[in-house]
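Attaching a single structure in structure tokens format; questions to follow.
Just so you know, all these numbers are worked out from the coordinates, no wet-lab data involved. Every value quoted in this text rests on a predicted model; they were computed, and no experiment measured them. Glycine also receives a Cβ, built like all others from the backbone with ideal geometry; neighbour counts cover every protein chain displayed.
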Amino acid sequence: MNSNLTNQPSPMTAIFQHHSPAPDRAPETSGVVIHWASVKIDVRDYAPLLTEAGFAFANQSGKHPMNHALQKTQATNTYARSSLISLTLTAIITTLHHAYGLGTYMLTPGAVIILLPSLLMLWYKRAGNKVALWAYGLLNAFVILGLGFGDGFLNHTVLFSKTLAYNILLPLHGGDPKTVEKVFSLLPPAPVDIFLESTGVLMFIVSLFALYFAYKFMQGAWKNDTLR
């Protein structure tokens with residue numbers, strides 16, 4: 001390491017080493033001007049050094065406004081990436097689920113839903129306006145609420161849970177379906193397609209992660225001062 005760099009005084013040290021008053025004389029003050037017997041120091045002359053010293057201390061302590069803004073931006077970018085991944089994954093599972101259950105023609109609208117999150121996020125990153133952010137939020141609402149909750153939870157998670165509970169409880173009550181239906185209000189289950197039901201449940205679970213990360217991202221992005 002260069003010894004010249006290590007021996008350089010800090011801004012605060014330079015202020016007080018520049019003028020050294022006599023130790024036996026008390027200073028007289030008048031506003032921002034300090035008078036000694038033979039030395040006159042105007043503190044305003046050293047404002048740049050004082051400002052630099054203050055910024056250096058703030059940077060070291062992590063309390064500088066620029067550091068705080070940078071931390072908020074980094075957190076927003078992290079949530080944006082997590083939101084994009086979880087939303088795209090939900091769209092992929094949804095596409096496979098419906099293509100298996102309804103037919104391969106569902107691959108076309110599924111491909112659109114898979115690509116839209118990346119396109120809208122790219123639009124937001126480049127434009128940085130509220131329209132792009134709103135468009136991304138509406139897509140999240142459609143995928144998470146309409147597909148993840150409406151289809152994944154109501155149509156598959158609830159019914160799959162009923163089927164699972166029925167098959168577990170039936171042997172415990174002597175194999176009498178009427179007893180189980182009366183006590184637990186469960187209807188006899190329809191035949192279960194494992195792939196269809198498991199992808200439906202997985203669709204709902206992944207959409208919960210998409211909901212959390214979308215909320216955190218939208219919250220941070222909306223507070224961004226540069227948002228137009």
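How far apart, in nm, are the 7 Å Cα→Cβ label points at N155 and I205?
That separation, rounded to one decimal, is 2.0 nm.
Further question on the same structure: Whose amide H sits under 5 Å from the amide H of N129, counting only residues 5 or more places off or on another chain, with H placed in the peptide plane?
R228
Same structure again: Please compute the modelled spin-label separation between L145 and L115, points set 7 Å along Cα→Cβ, answer in nm with one decimal.
According to this spin-label approximation, the distance is 2.7 nm.
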